[in-house]
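J.: Got a structure for you, written out below as structure tokens; questions coming shortly.
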Amino acid sequence: MDKIHLRQTLLQQRRQWSRFQWQQQSIELCAQLQQWSVFQQAKLVCAYFSTQREPDLQSLFERLGQTKLWGFPRCVQKNLVWHPWQWGQPLTTGSYGIKVPAAQTEILSPMEVDLLLVPCLGGDRQGYRLGYGGGYYDRLFIDPLWRAVPKAGLLFEVGLKEKLPRDSWDIPLPTLITEKQIIVISNNFETT
């Protein structure tokens, strides 16, 4: 199956879930993430606010919102720009209807970031991810400074495949986390 059809299939599967099922699987995924030593040690975590039934990290923010520093992206032209955010600060609605920090806040340097959490529609056991096709994270991973940041792709088990279709520009993630497992592909974060 090609990327376009696989995207459509996975999006349709997620849309069919009840709100309860989506929230329950998201809570289980957050519990898996909290068991990962890289997450436990990270002080500044770049994350995302979910859209289209991506793994929802709200329970994580509620539990650890004030004990960790957070960064969230804004879409600026065709790139992701990361801003710090503290639990309780106001958010605005950005591109694609996603909640984002205000544009006036400072921009994070990748050298400040301990962990980057990447939303995935799908993923495979070699660390390749399937997103929505906009290339935002692909462009981010090309930057040598962001390449060195530890990363984990977050996806639901239903999106985990043995092998995804790939393009020459696809870069694998070193770790994938689902509601059921943590898959460490490589401990060398520079591979992405």
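J.: Considering only residues that are touching a residue at least 12 places away in the same chain (Cβ under 8 Å) and over 14 Å from Val118 (Cα atoms), which ones fall in the stretch 135-158? Let's see the steps before the verdict.
T.: If we filter the stretch 135-158 for residues that are touching a residue at least 12 places away in the same chain (Cβ under 8 Å), which is where we start, we get 135-143, 145-158.
Listed by number, the residues that qualify are Ile142, Asp143, Leu145, Ala148, Glu157, Val158.
J.: Exactly one condition in (1) more than 14 Å from the chain's Cα centre (by Cα); (2) part of a loop (DSSP other than H, G, I, E, B); (3) in contact (Cβ under 8 Å) with a residue 12 or more places away in the chain is false for Tyr96; which is it?
T.: It fails just one condition, (2).
J.: Can you name the number of the only condition in (1) at pLDDT 95 or above; (2) under 25 Å from Ile171 (Cβ atoms); (3) touching a Ser or Thr at 6+ places or on another chain (Cβ under 8 Å); (4) not β-branched (Val, Ile, Thr) that Gln41 fails?
T.: Unmet for Gln41, out of (1) at pLDDT 95 or above; (2) under 25 Å from Ile171 (Cβ atoms); (3) touching a Ser or Thr at 6+ places or on another chain (Cβ under 8 Å); (4) not β-branched (Val, Ile, Thr): (3).
J.: Next question, about the same structure. Could you please let me know if Gln126 is outside any strand (DSSP E or B), loosely packed, with under 13 Cβ neighbours inside 10 Å and more than 15 Å from the chain's Cα centre (by Cα)?
T.: no
J.: Condition test on Trp146, is it over 26 Å from Lys68 (Cα atoms) and among the aromatic types (Phe, Trp, Tyr)?
T.: No: the conditions fail for Trp146.
J.: For the stretch 44-61, how many residues are in contact with a helix residue (DSSP H, G or I) (Cβ under 6 Å, 6 or more places away or on another chain), surrounded by fewer than 18 Cβ atoms within 10 Å (Cβ to Cβ) and at pLDDT below 95?
T.: Summing the residues that are in contact with a helix residue (DSSP H, G or I) (Cβ under 6 Å, 6 or more places away or on another chain), surrounded by fewer than 18 Cβ atoms within 10 Å (Cβ to Cβ) and at pLDDT below 95 in the stretch 44-61 gives 1.
Every residue, every condition in (1) among the aliphatic types (A, V, I, L, M); (2) surrounded by 15 or more Cβ atoms within 10 Å (Cβ to Cβ), yes or no:
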residue: Glu28; (1), (2): no, yes
residue: Gln40; (1), (2): no, no
residue: Pro101; (1), (2): no, yes
residue: Leu108; (1), (2): yes, yes
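J.: Tell me whether the stretch 59-79 contains one or more residues that are at positive phi, free of Cβ contacts under 8 Å to residues at least 24 places away in the same chain and assigned to a loop (DSSP other than H, G, I, E, B).
T.: Yes: one or more hits.
The values are calculated or read from the model by the stated rules, or taken from the named source; none is laboratory data. Quick caveat: nothing in here was measured; it's all calculated off a predicted structure. Counting neighbours? That spans all protein chains shown, and the Cβs are built from the backbone with ideal geometry, glycine included.
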